[in-house]
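Participant: Please find one structure pasted underneath; my questions will follow.
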Amino acid sequence: MEEKEKQWYEENPELLEVEKAAMEMLANDDYKKLLFLKDGRACWYIGFSSKLSGRRYNVALVYPSCHPSRIEIPGIRVYPINPSYESMVEEMNASTGRQDHNIPYSIGEPEGIYALSICKPDWYHCRNILASKEGVISAVAVLMETKRFVEFYEMGVANHGVGFYRFTSIDPEVQEKACIEYFGAPAVEYYRKDSN
């Protein structure tokens, strides 16, 4: 029988408690459940609704076995569950007329699985350890960036890929109009809140 790799939460249970408290405090409106995969890695199963479209998203945020990771940036991987990664690719392809097998901002893994590459640009400069006042990149920080990515993705779908793919941009008013036409009432509410 294969021996499991020692996990970060076994070596640093206090960090796990901090991660749980942060998730409880900052993702209090989201469905969340801490799980442990067969190989021992910790992960969060999260359900949230997009503020732009009102659509429900379920994702798994999977920690590396050595959190915080000095090898993987940002370390915590984001796997779309519902809609699936493949469904997101199909939706973007239908919107853009492209025939891509993946979407930008994703990481291919050896097993043929894709994870979203969710991070802030400054995370790449700090090797997964932020300035001392911020500490470790937590799952809740990755979740907040995931929510921003979902809105960015949805805007790309509504605008047929303009603004989503590299080297394209879109006028904010055109963006707003396209999103309202595509998503209806939730987008109207989203832009109303944004203008206040």
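The values are calculated or read from the model by the stated rules, or taken from the named source; none is laboratory data. None of these values were measured; they are calculated from a predicted model. Every residue, glycine as well, gets a Cβ built from its backbone with ideal geometry; the counts of neighbours run over all protein chains shown.
Participant: Given the condition of a type outside the set (S, T, N, Q), closer than 30 Å to I180 by Cβ and at pLDDT below 90, answer yes or no: does some residue in the range 121-136 qualify?
Facilitator: Taking every residue of the range 121-136 in turn, at least one turns out to be of a type outside the set (S, T, N, Q), closer than 30 Å to I180 by Cβ and at pLDDT below 90.
Participant: Filter the range 41-58 down to the residues that are closer than 24 Å to N12 by Cβ and touching a helix residue (DSSP H, G or I) at 6+ places or on another chain (Cβ under 7 Å), then identify the one that is surrounded by the fewest Cβ atoms within 10 Å (Cβ to Cβ).
Facilitator: For the range 41-58, the residue satisfying everything is A42.
Participant: While we're on this one: How many residues does the range 13-34 contain that are outside any helix (DSSP H, G or I) and either out of contact with any Phe, Trp or Tyr (no Cβ under 9 Å at 6 or more places or on another chain) or without any contact (Cβ under 8 Å) to a residue 12 or more places away in the chain (or both)?
Facilitator: 1
Participant: Write out, first by first residue and then by second, each pair whose Cβ atoms fall under 7 Å of each other, whose residues are 6+ apart or on separate chains, and whose first residue, in the range 171-196, is crowded, with 18+ Cβ neighbours inside 10 Å while the second is basic (K, R).
Facilitator: These pairs meet every condition: Y190/K51.
Participant: Please list, ordered by first then second residue, the pairs with beta carbon atoms under 8 Å, 6 or more apart or interchain, first in the range 77-95 and within 28 Å of S65 (Cα to Cα) and without any contact (Cβ under 8 Å) to a residue 40 or more places away in the chain, second of a type in the set (D, E, K, R) and assigned to a helix (DSSP H, G or I).
Facilitator: Taking only residues 6 or more apart or on different chains, the pairs are P83/E91.
Participant: Scan S53, S87 and give me the residue that is under 30 Å from Y165 (Cβ atoms), hydroxyl-bearing (S, T, Y) and in a loop (DSSP other than H, G, I, E, B).
Facilitator: On inspection, the qualifying residue turns out to be S53.
Participant: In addition: List the pairs whose first member sits in the range 48-70 and is among the basic types (K, R), whose second member is assigned to a strand (DSSP E or B), and whose Cβ atoms are under 9 Å apart, counting only residues at least 6 apart or on separate chains?
Facilitator: Once the first residue is among the basic types (K, R) and sits in the range 48-70, its partners that are assigned to a strand (DSSP E or B) give R55/S49; R56/G47; R56/F48; R56/S49; R56/N82; R70/I129.
Participant: If you don't mind, another one. Take L61 and tell me if it is assigned to a loop (DSSP other than H, G, I, E, B) and at pLDDT 95 or above.
Facilitator: Here the answer is no, as L61 does not meet what is asked.
Participant: Is it fair to say I107 is modelled with pLDDT under 95, under 15 Å from the mean Cα position of the chain (by Cα) and part of a loop (DSSP other than H, G, I, E, B)?
Facilitator: When the stated conditions are applied, I107 does not pass them.
Rundown of residues vs (1) within 15 Å of the chain's Cα centre (by Cα); (2) modelled with pLDDT under 95, yes/no style:
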| position | (1), (2) |
| --- | --- |
| L15 | no, yes |
| K20 | no, no |
| F36 | no, no |
| G47 | yes, no |
